[in-house]
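A.B. asks: One structure, pasted below without further comment.
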Amino acid sequence: PKNSDDGHVAGLILADAALAQALGWGHVVPLLAAALKRADLRKQGDDLRLACHRALISSVVEAVRQASDLARRVTHLKAVAPKLRAKGAGDAVEMFLTWDAVAPSALPLPDRAARRLCDRLVDLGAVRELTGRDTFRLYGV
(Lines give C-alpha, C1' and ligand atoms only; values in the text may rest on other atoms or scores of the structure.)
Protein backbone atom coordinates (compact mmCIF):
# COMPACT_ATOMS: atom_id res chain seq x y z
CA PRO A 1 0.00 0.00 0.00
CA LYS A 2 1.06 3.58 -0.71
CA ASN A 3 0.06 4.80 2.75
CA SER A 4 -1.44 3.47 5.96
CA ASP A 5 -4.96 4.48 4.88
CA ASP A 6 -4.73 2.04 1.95
CA GLY A 7 -3.79 -0.68 4.41
CA HIS A 8 -6.67 0.25 6.70
CA VAL A 9 -9.16 0.09 3.84
CA ALA A 10 -7.89 -3.31 2.74
CA GLY A 11 -7.87 -4.51 6.34
CA LEU A 12 -11.48 -3.41 6.90
CA ILE A 13 -12.61 -5.09 3.69
CA LEU A 14 -10.88 -8.30 4.75
CA ALA A 15 -12.35 -8.04 8.27
CA ASP A 16 -15.86 -7.67 6.84
CA ALA A 17 -15.18 -10.59 4.46
CA ALA A 18 -13.98 -12.75 7.37
CA LEU A 19 -17.08 -11.83 9.36
CA ALA A 20 -19.36 -12.71 6.44
CA GLN A 21 -17.59 -16.03 5.96
CA ALA A 22 -17.77 -16.85 9.68
CA LEU A 23 -21.50 -16.16 9.67
CA GLY A 24 -22.03 -18.20 6.48
CA TRP A 25 -23.24 -15.23 4.44
CA GLY A 26 -22.99 -15.31 0.65
CA HIS A 27 -22.07 -11.62 0.42
CA VAL A 28 -19.75 -9.24 2.21
CA VAL A 29 -21.63 -6.56 4.14
CA PRO A 30 -19.54 -3.50 5.09
CA LEU A 31 -20.40 -3.46 8.77
CA LEU A 32 -16.98 -2.71 10.27
CA ALA A 33 -15.84 -0.54 7.38
CA ALA A 34 -18.96 1.61 7.64
CA ALA A 35 -18.70 2.39 11.34
CA LEU A 36 -15.09 2.21 12.52
CA LYS A 37 -13.46 5.60 12.75
CA ARG A 38 -9.84 6.40 11.96
CA ALA A 39 -9.12 6.88 15.68
CA ASP A 40 -10.53 3.39 16.39
CA LEU A 41 -7.94 1.89 14.06
CA ARG A 42 -5.13 3.15 16.27
CA LYS A 43 -6.48 1.25 19.29
CA GLN A 44 -5.15 -2.11 20.39
CA GLY A 45 -6.24 -5.06 22.46
CA ASP A 46 -9.48 -4.73 24.41
CA ASP A 47 -9.96 -1.11 23.31
CA LEU A 48 -9.91 -2.18 19.64
CA ARG A 49 -12.18 -5.14 20.36
CA LEU A 50 -14.70 -2.83 22.11
CA ALA A 51 -14.53 -0.34 19.22
CA CYS A 52 -15.25 -3.19 16.77
CA HIS A 53 -18.21 -4.38 18.87
CA ARG A 54 -19.65 -0.87 18.99
CA ALA A 55 -19.13 -0.46 15.24
CA LEU A 56 -20.91 -3.74 14.52
CA ILE A 57 -23.86 -2.83 16.71
CA SER A 58 -24.34 0.59 15.13
CA SER A 59 -23.90 -0.83 11.61
CA VAL A 60 -26.35 -3.66 12.20
CA VAL A 61 -28.98 -1.27 13.59
CA GLU A 62 -28.61 0.92 10.48
CA ALA A 63 -28.62 -2.10 8.13
CA VAL A 64 -31.83 -3.42 9.71
CA ARG A 65 -33.43 0.03 9.42
CA GLN A 66 -32.50 0.25 5.75
CA ALA A 67 -33.66 -3.31 5.05
CA SER A 68 -37.01 -2.59 6.70
CA ASP A 69 -37.42 0.60 4.67
CA LEU A 70 -36.51 -1.21 1.46
CA ALA A 71 -38.95 -4.06 2.20
CA ARG A 72 -41.73 -1.52 2.80
CA ARG A 73 -40.94 0.25 -0.48
CA VAL A 74 -40.86 -3.04 -2.42
CA THR A 75 -44.25 -4.02 -0.97
CA HIS A 76 -45.67 -0.65 -2.03
CA LEU A 77 -44.25 -0.97 -5.57
CA LYS A 78 -45.78 -4.44 -5.90
CA ALA A 79 -49.11 -3.08 -4.68
CA VAL A 80 -49.24 -0.27 -7.26
CA ALA A 81 -47.95 -2.43 -10.14
CA PRO A 82 -51.43 -3.72 -11.14
CA LYS A 83 -52.60 -0.10 -11.56
CA LEU A 84 -50.03 0.53 -14.31
CA ARG A 85 -51.52 0.24 -17.77
CA ALA A 86 -48.51 0.82 -19.99
CA LYS A 87 -47.38 -2.11 -22.11
CA GLY A 88 -44.17 -3.42 -20.63
CA ALA A 89 -44.99 -2.00 -17.18
CA GLY A 90 -44.67 -5.46 -15.61
CA ASP A 91 -41.17 -5.88 -17.01
CA ALA A 92 -40.31 -2.34 -15.90
CA VAL A 93 -41.47 -3.06 -12.35
CA GLU A 94 -39.35 -6.22 -12.36
CA MET A 95 -36.34 -4.10 -13.34
CA PHE A 96 -37.01 -1.74 -10.41
CA LEU A 97 -37.18 -4.75 -8.10
CA THR A 98 -33.89 -6.20 -9.38
CA TRP A 99 -31.64 -3.25 -10.17
CA ASP A 100 -30.28 -0.65 -7.76
CA ALA A 101 -31.01 2.20 -10.16
CA VAL A 102 -32.86 2.36 -13.47
CA ALA A 103 -32.60 4.95 -16.23
CA PRO A 104 -35.85 5.43 -18.15
CA SER A 105 -33.97 4.64 -21.37
CA ALA A 106 -33.25 1.13 -20.01
CA LEU A 107 -36.94 0.33 -19.58
CA PRO A 108 -38.68 -1.83 -22.21
CA LEU A 109 -40.83 1.11 -23.31
CA PRO A 110 -40.51 3.97 -25.81
CA ASP A 111 -38.61 6.92 -24.31
CA ARG A 112 -41.61 9.14 -23.64
CA ALA A 113 -43.66 6.29 -22.17
CA ALA A 114 -40.73 5.28 -19.96
CA ARG A 115 -40.37 8.81 -18.59
CA ARG A 116 -44.11 9.02 -17.98
CA LEU A 117 -44.08 5.66 -16.19
CA CYS A 118 -41.22 6.80 -13.96
CA ASP A 119 -43.03 10.06 -13.18
CA ARG A 120 -46.20 8.10 -12.37
CA LEU A 121 -44.31 5.75 -10.07
CA VAL A 122 -42.76 8.73 -8.28
CA ASP A 123 -46.22 10.34 -7.92
CA LEU A 124 -47.52 7.08 -6.43
CA GLY A 125 -44.58 6.99 -4.01
CA ALA A 126 -43.42 3.64 -5.42
CA VAL A 127 -39.97 4.74 -6.63
CA ARG A 128 -37.67 7.69 -5.99
CA GLU A 129 -35.66 9.85 -8.33
CA LEU A 130 -32.08 9.31 -7.15
CA THR A 131 -29.99 11.97 -8.88
CA GLY A 132 -31.77 15.26 -8.18
CA ARG A 133 -30.95 16.36 -11.73
CA ASP A 134 -33.29 17.61 -14.43
CA THR A 135 -31.56 16.12 -17.46
CA PHE A 136 -30.24 12.65 -16.62
CA ARG A 137 -32.35 10.88 -14.06
CA LEU A 138 -32.08 7.54 -12.31
CA TYR A 139 -34.90 5.94 -10.38
CA GLY A 140 -34.95 3.26 -7.72
CA VAL A 141 -36.97 1.70 -4.94
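The values are calculated or read from the model by the stated rules, or taken from the named source; none is laboratory data. Values in this document were obtained by computation on a predicted structure and should not be read as measured data. Here Cβ is always computed from backbone atoms with ideal geometry, including for glycine, and neighbour counts include all displayed protein chains. Each accessible area value is taken on the protein alone, full model and side chains, heavy atoms only, with ligands, DNA and RNA left out. Shrake-Rupley method; radii C 1.70, N 1.55, O 1.52, S 1.80 Å.
A.B. asks: Any residue in the range 92-103 that's more than 12 Å from residue 117 (Cβ to Cβ) and of a type in the set (Gly, Ala, Ser): show its pairings with residues that are assigned to a loop (DSSP other than H, G, I, E, B) and open to solvent by 90 Å² or more (accessible area, probe 1.4 Å) at Cβ separation under 9 Å, as long as the two are six or more apart or on different chains.
C.D. replies: 103/136
A.B. asks: Identify all residues within the range 22-46 that are assigned to a helix (DSSP H, G or I) and surrounded by 11 or more Cβ atoms within 10 Å (Cβ to Cβ); write none if there are none.
C.D. replies: 31, 32, 33, 34, 35, 40, 41, 42
A.B. asks: Considering only residues that are of a type in the set (Gly, Ala, Ser), out of contact with any helix residue (DSSP H, G or I) (no Cβ under 8 Å at 6 or more places or on another chain) and either closer than 30 Å to residue 31 by Cα or modelled with pLDDT under 90 (or both), which ones fall in the range 59-87? Lay out the reasoning, then the answer.
C.D. replies: First, pick out the residues of the range 59-87 that are of a type in the set (Gly, Ala, Ser): 59, 63, 67-68, 71, 79, 81, 86.
Within this subset, residues satisfying the condition of being out of contact with any helix residue (DSSP H, G or I) (no Cβ under 8 Å at 6 or more places or on another chain) are 67-68, 71, 79.
Once the filter is applied, which keeps residues that are of a type in the set (Gly, Ala, Ser), out of contact with any helix residue (DSSP H, G or I) (no Cβ under 8 Å at 6 or more places or on another chain) and either closer than 30 Å to residue 31 by Cα or modelled with pLDDT under 90 (or both), the range 59-87 yields 67, 68, 71.
A.B. asks: Looking at residue 75, is it among the polar types (S, T, N, Q) and not in a helix (DSSP H, G or I)?
C.D. replies: no
A.B. asks: May I ask you to list the residues in the range 80-105 that are open to solvent by 60 Å² or more (accessible area, probe 1.4 Å) and either among the polar types (S, T, N, Q) or assigned to a helix (DSSP H, G or I) (or both)?
C.D. replies: 82, 83, 91, 94, 98, 105
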